[in-house]
Amino acid sequence: MNQDSKQAEFISAQLAKLVRHLESLRIADYMELLQRPGRLIFVNFVAGLARGLGIAIGATLIFALVIEALRRLILLHIPGIGQFIAELVKIVEMRNGKF
């Protein structure tokens, strides 16, 4: 009988550990979200908008920094490179409607 109580105690401890682990994974919240497909679509839509906006803003900032670095490189009047970069900047500005 003593062994049965030790085994029951062990199983109880393992179950408690499993319950804590499942609660930390928030399985219940996920299952609730799956039960409401409209909410799931809305959450994924908003997440997609946020990702797209973040990518657009990030790419714009990086592109602006690269263009600014190229403009400063033109001011150094390095033979060969300066003319190439000037043409590149001119093309970009023409596409953006500055010329």
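Here is how the numbers come out for the structure above:
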{"read-out": "Cα gyration tensor, region 1-41 - rounded (a/c under 1.5), prolate or oblate", "value": "prolate"}
{"read-out": "Gyration tensor (alpha-carbon) shape descriptor, region 47-99, a/c threshold 1.5", "value": "prolate"}
{"read-out": "Of all accessible heavy-atom area on the chain, the percent that carbon and sulfur account for (1.4 Å)", "value": "68"}
{"read-out": "Prolate/oblate/rounded call for the chain, Cα gyration tensor, a/c under 1.5 rounded", "value": "oblate"}
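The values are calculated or read from the model by the stated rules, or taken from the named source; none is laboratory data. Since the structure is predicted, the reported quantities are computational estimates derived from the model, not experimental observations. Protein only, heavy atoms only, side chains kept; ligands, DNA and RNA dropped before computing areas. Shrake-Rupley method; radii C 1.70, N 1.55, O 1.52, S 1.80 Å.
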